[in-house]
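The values are calculated or read from the model by the stated rules, or taken from the named source; none is laboratory data. Just so it is clear, the model here is predicted, and its values are computed rather than measured. Cβ placement follows ideal geometry from the backbone for every residue including glycine, while neighbour counts extend to all protein chains displayed.
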Amino acid sequence: MKIFVLSTLVASALIAGSLQSEAQKAGLKPIPASKTALTKLTSNPKNPTTTAKVELGKMLYMDPRLSKSGLISCNTCHNVGLGGSDGMSAAIGHKWTANPHGLSSPTVYNAVFYSQQFWDGRSPHLEDQAQGPIQAGPEMAAPKEHVTGVVNSIPQYVAMFQKAYGKDVKITFEKVADTIAVFERTLVTPSRYDDFLNGNAKALTTPEKKGLKTFISKGCATCHNDIALGGTMQAFGVTGKYKHMNVGDFKGDKNGMVRVPTLRNITQTSPYFHNGQIATLGEAIKEMGRIQLGVSLTDEETASIETFLKALDGRKPNITYPMFPASNATTPKVDVN
């Protein structure tokens, strides 16, 4: 009996090792288990991560006063309590304006691992990306002067910037965006999938391992790879036309390339696709098979891949909603028009 059990364990370990190797060859990489390695990977050398910056960045990320109306924060569309998104098919911004291109809000979780930001990849990193939505008319609609006026008018914010950057810091719009980005760089969610790729053969169940194998063998990892399981620019509609392509006018960048969404925490970021037109994960998997891989996935294959994707639900950082410092007579007034 002991020999049988031992043989079974050895066989299971060999199978897991083979699958881990197969995943590596397919370009899949785990979030590092080492805190030191993860910090090195997620930090920007030109904008180092510190505790003071992260705490300040969190407050700025959550503070609706940075918007023109005083009602919308970064967290409105990229809600850290809702999988890092907002559950809307198209992002809703200033004056209840839907995104004019029909685009949904991508999750902020694990965005640090993307090679480029925004659906069309126009931004190279989070520091640059953070500047866009604050100023965009259909989003937060705030001029730079409004943002710096709000922050500089509040003594507690000034003191927090001085603690984070030194007494001589000049609080510019770019510095505000940089600080928000530092907070966003901490929003990573390691999962049991990462534990498996990092060497824990028991981290995934047998059905989840089967789903990972199906995911790889069907070619899903061609685009959904590396640490983010996405985040790079890829052609869209390679073998077929997306059935909801007529919703919104987005066609990708000038070369028709689209930034691949991460599959991490995918169960929490519906509706799916750039214009949020597919409600269920199973339908999204089948549609991707049709238009990207040129295959008609069976119900069994679809369910197997979905089982694996559910294992990508990660361990989120503990984020406490901040209590903001009070506005005063010099704080710029809100404008809902």
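Residues to consider are 87, 132, 81, 121; find the one that is in contact with a strand residue (DSSP E or B) (Cβ under 7 Å, 6 or more places away or on another chain), surrounded by fewer than 17 Cβ atoms within 10 Å (Cβ to Cβ) and either at pLDDT 95 or above or within 22 Å of residue 328 (Cα to Cα) (or both). Steps first, please.
On the way: 87 fails: in contact with a strand residue (DSSP E or B) (Cβ under 7 Å, 6 or more places away or on another chain); 81 fails: in contact with a strand residue (DSSP E or B) (Cβ under 7 Å, 6 or more places away or on another chain); 121 fails: surrounded by fewer than 17 Cβ atoms within 10 Å (Cβ to Cβ).
Matching residue, one of 87, 132, 81, 121: 132.
Suppose we filter the stretch 25-35 for residues that are polar (S, T, N, Q) and either at pLDDT below 95 or closer than 15 Å to residue 215 by Cβ (or both); how many remain?
Of all residues in the stretch 25-35, those polar (S, T, N, Q) come to 34.
Checking the rest, the ones that are also either at pLDDT below 95 or closer than 15 Å to residue 215 by Cβ (or both) come to none.
Within the stretch 25-35, residues that are polar (S, T, N, Q) and either at pLDDT below 95 or closer than 15 Å to residue 215 by Cβ (or both) number 0.
Scan the helices (runs of 4 or more DSSP H) fully inside the stretch 139-192 and keep the ones with 1 or more residues being out of contact with any Cys (no Cβ under 8 Å at 6 or more places or on another chain) and farther than 14 Å from residue 65 by Cα. Give the derivation first.
Working: elements: 144-153, 155-165, 173-184.
Those helices (runs of 4 or more DSSP H) span 155-165, 173-184.
For residues that are more than 17 Å from the chain's Cα centre (by Cα) and assigned to a helix (DSSP H, G or I), scanning just the stretch 40-53, find the one that is farthest from residue 150 (Cα to Cα).
By that ranking, first place goes to 40.
Within the stretch 299-313, can you find the residues that are touching a helix residue (DSSP H, G or I) at 6+ places or on another chain (Cβ under 8 Å) and not in a loop (DSSP other than H, G, I, E, B)?
First pass over the stretch 299-313, keeping only residues touching a helix residue (DSSP H, G or I) at 6+ places or on another chain (Cβ under 8 Å): 301-313.
Passing the criteria: 301, 302, 303, 304, 305, 306, 307, 308, 309, 310.
Is at least one residue of the stretch 309-328 more than 23 Å from residue 79 (Cα to Cα) and β-branched (Val, Ile, Thr)?
No, the conditions are met nowhere in the stretch 309-328.
Going through the stretch 267-293 one residue at a time, which ones are more than 16 Å from residue 224 (Cα to Cα) and over 18 Å from the mean Cα position of the chain (by Cα)?
Across the stretch 267-293, the qualifying residues are 277, 278, 279, 280, 282, 283.
I'd like the full set of residues that are exposed (fewer than 14 other Cβ atoms within 10 Å of the Cβ) and closer than 18 Å to residue 195 by Cβ, limited to the stretch 37-55.
37, the sole residue that qualifies.
Checking the conditions here, which among 320, 239, 262 is part of a loop (DSSP other than H, G, I, E, B), β-branched (Val, Ile, Thr), at pLDDT 95 or above and surrounded by 15 or more Cβ atoms within 10 Å (Cβ to Cβ)? Talk me through it step by step, then tell me what you get.
On the way: 320 fails: surrounded by 15 or more Cβ atoms within 10 Å (Cβ to Cβ); 239 fails: surrounded by 15 or more Cβ atoms within 10 Å (Cβ to Cβ).
Being part of a loop (DSSP other than H, G, I, E, B), β-branched (Val, Ile, Thr), at pLDDT 95 or above and surrounded by 15 or more Cβ atoms within 10 Å (Cβ to Cβ) holds for just one of 320, 239, 262, which is 262.
Looking at (1) in contact (Cβ under 8 Å) with a residue 12 or more places away in the chain; (2) more than 21 Å from the chain's Cα centre (by Cα), find the lone condition where residue 159 falls short.
Result: residue 159 passes all but (1).
With respect to the numbered conditions (1) crowded, with 22+ Cβ neighbours inside 10 Å; (2) farther than 30 Å from residue 58 by Cα; (3) aliphatic (A, V, I, L, M), which one is the sole condition not fulfilled by residue 188?
(2)
Test residue 291 against the stated conditions and say whether it is in contact with a strand residue (DSSP E or B) (Cβ under 8 Å, 6 or more places away or on another chain) and farther than 30 Å from residue 38 by Cα.
On the way: in contact with a strand residue (DSSP E or B) (Cβ under 8 Å, 6 or more places away or on another chain): no; farther than 30 Å from residue 38 by Cα: yes.
No, not satisfied.
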